[in-house]
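Contents: one structure, followed by commentary.
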Amino acid sequence: MVASRSGLRVVHLPARTPYARKLHGPDFHILNGTEITSGATVPAAVTATWLLAHAPLTWLDVLHLHHIDIEEMAVLERLLDACADSGVRVVFTAHDTHAMHGEVSEFTERLRLLLSADVRWVCLTESSRTELTALLGATPSATVIPHGYVVPPEALRRREREQATASARFLMFGASRPSRDQLSPVINWSLGVTDPSSTLQLLLRAFSPADFTPGSPVPLLLETARHDPRIRLSMRPYPTDNEITNAGLASDILLLPYLWGSHSGQLELAFDLNLLPVCSHTGHLPEQYRQHEQLVAEPEWFDWSTGHPNLFGERFLAAVENASSRAAFVGRRLDRTFLDHRAQEHKAILAAYTEVYGGGR
């Protein structure tokens, strides 16, 4: 592997998530959105098909895979072969240990493909590595590197949370995904939170035709939002870091109604902005909290993993009421001590990735 003068040349696939965007440092150079030696510009949201069309891949040193279930299996296999032919190191961060799109069997098949190839794995928590080992029947060559911040601490140096009000301000944002229940939390909030001055900000990613197939909850979600003036609904093609930060700084409580999931950038965002998370007790989110247990407020957990589904709404609404009481007694300004910790944490994360990119560990 030959690095350029500006460090190892890295392509993220996909690259527009906050997680991928934060991984830049003095020892490696991100090629997404830049021009390469052939004169082509690597798309910011590059695909496996684009990479294969620009083989041989001698113009990069490291391919960093993130969410593998958005690529066709056959295309992913050809991409791994092309990387091997060009001496490109492949690194895979296992953000998910469950299928987010498609069938579980297809997701597992992709994981097995990576396991059979010369791929270095990164897990965000120790327990996710254990889970993946049980799922695959073999231990991946994995390094545990925690998720880390979503908002760079330096971006918050001259920012502060908006002054708290007597009524709790809630935020829920993100794309419509099978792993998230957006409809019942909005309805429960609208009918269960009776404070006329309380607000719920919904910052949504643009819907696609797939969100309006028969039986979709989206129409009822929109109808509920439009009939409650306390719900502030806005939609962006793909919410930017700044838009999400602004929404978080104007809120007190972040709603995280995951039905299932492995790890959460939204939970880390709550830590960054000193928001109180109302969070389902799922996946490895509790371990993410324990990573910073002495430094951040514990989420208001609600458990959807046991019991009859008809009880889920009751548990969620009880957690919302508890969080409202907690938020009323705390002036949640940004925690500068924690942000200093984040800066040091990020240096360690970059150092760990540099070692993995370079072939260490």
Subject >> Rg to Rh quotient for segment 136-177, alpha carbon positions, Kirkwood Rh >> reply: 1.19
**OP:** Extending each Cα 7 Å along its Cβ direction at H281 and A134, get the distance between those two points in nm, one decimal.
**Re:** 1.7
Original post:
For labels at T47 and R177 in the simple 7 Å Cα→Cβ model, what's the distance in nm?
Top reply: 2.0
Subject >> Using alpha-carbon coordinates, inclination of helix 183-192 to the longest axis of the chain, degrees >> reply: 20
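Let me have the relative contact order for segment 1-63, percent, based on Cα pairs under 8 Å that are six or more residues apart. Numbers along the way, then the final one.
Numbers: 84 pairs, mean separation 26.1, N = 63.
Averaging sequence separation for qualifying contacts and normalising by length gives 41 percent for segment 1-63.
I want to verify the translational diffusion coefficient of segment 107-193 in µm²/s; compute it with Stokes-Einstein, Rh as the Kirkwood radius over Cα pairs, at 10 °C and 1.306 mPa s. Present the calculation step by step, with values, prior to reporting the outcome.
Details: Rh = 17.6 Å.
The diffusion coefficient I find is 90 µm²/s.
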**OP:** For the chain, with a Gaussian network of springs between Cα atoms less than 10 Å apart, report the residue from R332, R342, R226 with the top mean-square fluctuation.
**Re:** R226
**OP:** With r as the distance between the Cβ atoms of E72 and N322 and R0 = 41 Å, compute the FRET efficiency 1/(1 + (r/R0)^6) and round to 0.05.
**Re:** 0.40
Original post:
Scaled to the compact-protein estimate 2.2 N^0.38 Å, what is the alpha-carbon radius of gyration of the chain, rounded to two decimal places?
Top reply: 1.02
Original post:
What is the dipole size for segment 92-206, taken about its Cα centre, with +1 at each Lys and Arg Cβ and -1 at each Asp and Glu Cβ, in debye to the nearest 20?
Top reply: 380
Subject >> DSSP-loop trypsin sites (Lys or Arg not before Pro) across segment 157-205, with at most 14 other Cβ within 10 angstrom >> reply: R157, R158, R159
**OP:** Quick one: accessible surface of E77, probe radius 1.4 Å, all protein chains present, in square angstrom to the nearest 10.
**Re:** 90
Original post:
Hey, got a sec? Which chymotrypsin sites (Phe, Trp or Tyr not before Pro) in segment 266-361 land in a DSSP loop and have at most 10 other Cβ atoms within 10 Å?
Top reply: F329
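Taking each pair of distinct Cα atoms in segment 262-357 once, what is the resulting Kirkwood hydrodynamic radius in Å?
On the way: mean 1/r = 0.0667 Å⁻¹.
For segment 262-357, inverting the mean 1/r across all distinct Cα pairs yields 15.0 Å.
Are there any chymotrypsin sites (Phe, Trp or Tyr not before Pro) in segment 42-110 that are in a DSSP loop and have at most 10 other Cβ atoms within 10 Å? List them by number.
none
The values are calculated or read from the model by the stated rules, or taken from the named source; none is laboratory data. The structure presented is a predicted model; accordingly, all values stated were derived computationally and were not measured. Backbone-built Cβ (ideal geometry, glycine too); neighbour counts: all protein chains shown. Side chains included, ligands, DNA and RNA excluded: accessible areas come from the protein's heavy atoms. Shrake-Rupley method; radii C 1.70, N 1.55, O 1.52, S 1.80 Å.
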